[in-house]
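Here's the structure, in structure tokens; my notes come after.
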Amino acid sequence: MARNREFNSDDIIEKAIAVFWEKGFKHTSMEYLLENLGIGRGSFYNAYKSKHALYLMALDSYSSLMLEYLRKLLNHKPIKNALRALFEKLFDAAATDNKQTGCLMANAATELASFDNEVQKRVSAYYRNCVHCISLALSRSVNEGEIALNESPDDVALFLVNAMDGLRVMARRTDDKKQVNSVIKIALSIIE
């Protein structure tokens with residue numbers, strides 16, 4: 001007789017995100033993963049098949065959560081204030097992160113994406129979706145007469161997503177708010 005699953009899959013995915021975010025894929029041993037998930041080896045393999053399969057599920061879940069957060073934040077007006085708030089939240093989160101975990105997707109890009117096609121697909125889709133969300137918000141704001149752009153909304157959104165990644169890296173080397181505000185001001189100056 002098969003045993004019933006004694007754990008909540010959503011909780012496991014949430015815990016897996018935390019573990020992979022802290023340690024990365026390569027530096028997460030199965031022992032450490034199982035200990036932090038709170039499940040046995042047999043249950044793990046029956047439910048998730050492999051560490052890699054769970055990692056992909058964690059990336060998918062993280063992507064969904066972050067994109068939903070981004071969409072909600074970008075619904076606030078004016079768009080320039082929403083983007084400033086986004087930049088500041090990203091920097092503050094990175095600056096107060098004692099474990100220096102950064103962004104899970106950026107970590108996946110640098111750790112595995114160059115040789116793992118499944119990770120590459122997810123990282124590319126995540127960044128493409130981030131650009132798309134910002135581009136839609138910018139287009140909406142242009143159409144409503146709130147802002148003007150000298151470049152296409154897609155190009156501006158691509159620039160802003162890359163600037164956000166840069167801010168996360170900046171947070172690892174300084175906590176100087178004057179420098180941060182200068183970077184944010186210049187990044188957002190592309191929006192008139």
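Here's how it looks for Ile190: its modeled amide H is under 5 Å from none belonging to a residue 5 or more places away or on a different chain. Rounded, prolate or oblate: which fits the range 59-188, taking a ≥ b ≥ c as square roots of the Cα gyration tensor eigenvalues, rounded meaning a/c under 1.5, else prolate when a/b beats b/c? It is oblate, given that a/c is not under 1.5 and a/b is not larger than b/c. Its relative contact order, with pairs defined as Cα atoms under 8 Å and 6+ residues apart, puts the chain at 23 percent. Along the chain, counting only trypsin sites (Lys or Arg not before Pro) with a DSSP assignment other than H, G, I, E or B and at most 15 other Cβ atoms inside a 10 Å radius, the longest segment between sites is 100-192. Kyte-Doolittle mean at least 0.0 and Cα extent at least 20 Å along the axis: which DSSP H helices of the chain qualify? Qualifying helices: 9-23, 51-74, 79-95, 153-173. Lysine pair count for the range 59-188 (Cα-Cα distance under 15 Å; residues 8 or more apart in sequence or on different chains): 7. Cα centroid separation, the range 65-136 to the range 141-192: 13 Å.
Placing +1 on the Cβ of every Lys and Arg and -1 on the Cβ of every Asp and Glu, with nothing else charged, gives the chain a dipole about its Cα centre of roughly 200 debye. Prolate is the label for the range 38-80, because a/c, from the alpha-carbon gyration tensor with a ≥ b ≥ c as root eigenvalues, is 1.5 or above and a/b exceeds b/c. Annotation for the range 84-192: chymotrypsin sites (Phe, Trp or Tyr not before Pro) lying in DSSP loop with at most 11 further Cβ atoms inside 10 Å of their Cβ are Phe115.
The length gained by stretching the chain between Ala18 and Ala93 to full extension, at 0.36 nm per residue less their Cα-Cα distance, is 25.5 nm. Full extension of the segment from Ser139 to Met57, taken as 0.36 nm per residue of separation minus the current Cα-Cα distance, would add 26.3 nm. Restriction of the GluC sites (Glu not before Pro) in the range 4-90 to DSSP coil positions whose beta-carbon has at most 11 other beta-carbons within 10 angstrom yields Glu6.
None of the figures in this text is laboratory data; all of them are computed from the coordinates on show. Everything numeric here is computed off the predicted structure, so don't read it as measured data. So basically every Cβ, Gly included, is an ideal-geometry build from the backbone, and we count neighbours across all protein chains shown.
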